[in-house]
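The structure appears right after this line, and notes come after that.
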Amino acid sequence: MPNLPGSCEHEPAVRELARTNAEAPALRAHAERCAVCRETLAVAAWMERFAALPLTTPSSLDPTSIWLRAEMLRRWDLQRKVVTPIEVGETVQAAVGIASAVALLVWLWSRLETIPASAALSSVLTIILIVGTVLIVTAATMTRELLRRR
C-alpha cells in the first residue's frame, strides 16, 4: 500500500514500539530523524501521561456546581448575543457621523466661493470648519477604539 503524504512506512511499527515500550534502537534512531514517527512517539507519551492522571472525585461532580456553571455559561451567551447588535450599532453610528461631518465640510468648502467676503461670515465659516474637523477626528478616534475592543 503506498504511503499517504505526511505518513511513514515505519509508523505502525513505531506505534507498536510506543505501546509495548520495547527496545528497538534502530526504530528509535529512525524516529529521531523522521518527523511523522517523532510525532507519533510524542502523542503516545502524552496519552500515557493523560491515562495516568487520577479520575475526578465525585464531589467535583456536585449537581449544584454543575447547575451553577451551566447557568453562568447561559448568561454569558445571552449577554454576548445582546451586546453584539449594540457594538455593531456603535460602529455604524461612528461611521455615519464621520461621513456626515466630511460631507458637511466638503459642502461648506464648495460654498466658500459663492459667499460674499465679509469678516463676520468668514470667522463663522472658519469656526464651523474647525468644529467639523474636530468632530471628524473625535469620531475617527471613537471608531478606532470601538474596533480595538472587538
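Where a number appears in this text, it was derived from the coordinates with a stated rule and is not lab data. Predicted model, so just to flag it, every value in this text is computed and none were measured. FYI the Cβ positions are ideal-geometry reconstructions off the backbone, even for glycines, and counts take in every protein chain you see.
Within region 11-52, the proportion of Cα pairs with more than 17 Å between them is 21 percent.
Karplus-derived 3J(HN,Hα) values for region 69-86, using 6.51 cos²θ - 1.76 cosθ + 1.60 with θ = phi - 60°, are 5, 5, 5, 4, 5, 5, 5, 4, 5, 5, 4, 4, 5, 6, 6, 4, x, 5 Hz; glycine and proline are entered as x.
Each Lys or Arg adds one and each Asp or Glu subtracts one; over the other residues with Cβ under 13 Å from the Cβ of Val43, this totals +1. For region 124-129, 3J(HN,Hα) computed residue by residue from phi via the Karplus equation (6.51, -1.76, 1.60; θ = phi - 60°) reads 5, 5, 4, 5, 4, 5 Hz, glycine and proline entered as x. Phi-derived couplings, Karplus 6.51 cos²θ - 1.76 cosθ + 1.60 at θ = phi - 60°, listed residue by residue for region 99-111: 4, 5, 5, 5, 4, 4, 5, 5, 5, 5, 4, 6, 7 Hz, with x used for Gly and Pro.
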